[in-house]
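The structure under discussion appears below in the form of structure tokens.
The values are calculated or read from the model by the stated rules, or taken from the named source; none is laboratory data. Bear in mind that the values here come from a model prediction, so they are computed numbers and not experimental data. Counting neighbours? That spans all protein chains shown, and the Cβs are built from the backbone with ideal geometry, glycine included. The accessibility values were calculated without ligands, DNA or RNA, using every heavy atom of the protein model including side chains. Shrake-Rupley method; radii C 1.70, N 1.55, O 1.52, S 1.80 Å.
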Amino acid sequence: MNLVEEIKKTIRDVPDFPKQGIMFKDITPILEDQILCSGIVDGFIKEITQKPDAIVGIESRGFLFGVLLANKLNVPFIMVRKAGKLPYKTISQQYGLEYGTATIEMHIDALQKNWNVLIHDDLLATGGTAEAAAQLVKQLGANVSGFAFVVELGFLNGKEKLKIHSNNIICLAQY
Ligand code: AMP
């Protein structure tokens, strides 16, 4: 079985979570399979054409493979967190949700100017969160060299929102 098939077979679909009408793609069974976890990291590495200077991972499931990937590439891992969670001085970015807005933050000294940064999350849905993370990267004077997701919900067209930052959008498994 190839990597995409393994990912799709292992992800658990949870209907109506966290609310009615959402089919939640639960990656917790993937984390229980250490061989598949390594396969996912290797899958990303195969698709990365230019080694980034850092991996930026989005709270909270973007931390899981984000750290593994950064470690394997031997580059720093940077956390993007929801407002109020990071202890030191932060920059912030607001973005729109279906109803209302959300804010994400990054430490003010997390990235160096002109670094090429790969943004990672477990899943690309509408792209709003990853786009806001890209804005944070740019606020610090760094460049977005690409995005990497384990899963893409293609019918939500999230890639379109990200293309203004980079056309290099890695998605291992698509729905
Ligand atoms: P978005 O900003 O719409 O691309 O949403 C991306 C964020 O929401 C990611 O952090 C995902 O983990 C989470 N997310 C959105 N939709 C789903 C879904 N159907 N299953 C699992 N996670 C989701």
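Things worth noting here:
- Candidate residues Thr103, Thr49: accessible-area rank, largest first, probe 1.4 Å: Thr49, Thr103
- Remark: the stretch 20-175 carries a charge dipole of roughly 420 debye about the Cα centre, counting +1 on each Lys and Arg Cβ and -1 on each Asp and Glu Cβ.
- Annotation: extensible slack from Ile22 through Ile35 equals 1.8 nm (criterion: 0.36 nm per residue apart, minus Cα-Cα distance).
- In this view, the solvent-accessible surface of Met23, computed with a 1.4 Å probe and all protein chains in place, comes to about 90 Å².
- Taking the square roots of 5 times each eigenvalue of the Cα gyration tensor of the stretch 99-163, largest first, gives ellipsoid semi-axes of 21, 14, 9 Å.
- Each listed q (0.18 Å⁻¹) maps to a log10 I(q)/I(0) for the stretch 50-174, found by the Debye formula over equal Cα scatterers with no solvent: -0.89.
- With both labels modelled 7 Å from their Cα along Cα-to-Cβ, the Tyr175 to Asn116 distance reads 3.3 nm.
- Shape class of the stretch 70-126 from the alpha-carbon gyration tensor: oblate, with a/c at 1.5 or above and b/c at least as large as a/b.
- Between Thr103 and Phe155, residue separation times 0.36 nm minus the direct Cα-Cα distance comes to 16.2 nm.
- Here Asn2 and Lys89 are evaluated by their C-beta separation; at R0 = 45 Å the FRET efficiency comes out at 0.50.
- The stretch 50-174: relative contact order as a whole-number percent, Cα under 8 Å and 6+ apart: 23
- Candidate cross-link partners of Lys46 among the lysines, defined by an alpha-carbon separation under 16 Å and a same-chain spacing of 8 or more, comprise Lys72.
- Charge tally in the Cβ shell below 14 Å around Gly39, where Lys, Arg are +1 and Asp, Glu are -1, Gly39 excluded: -2
- Area of Val144 that stays accessible when all protein chains are in place (1.4 Å probe, Å², to 10): 10
- Percent of beta bridges antiparallel (DSSP, the stretch 50-174, rounded to nearest 5): 30
- When Ile170, Ile35 are compared by accessible area of protein heavy atoms, the largest-first order is Ile35, Ile170, using a 1.4 Å probe.
- For Asp26, Asp16, the ranking by accessible surface with the largest value first comes to Asp16, Asp26, using a 1.4 Å probe.
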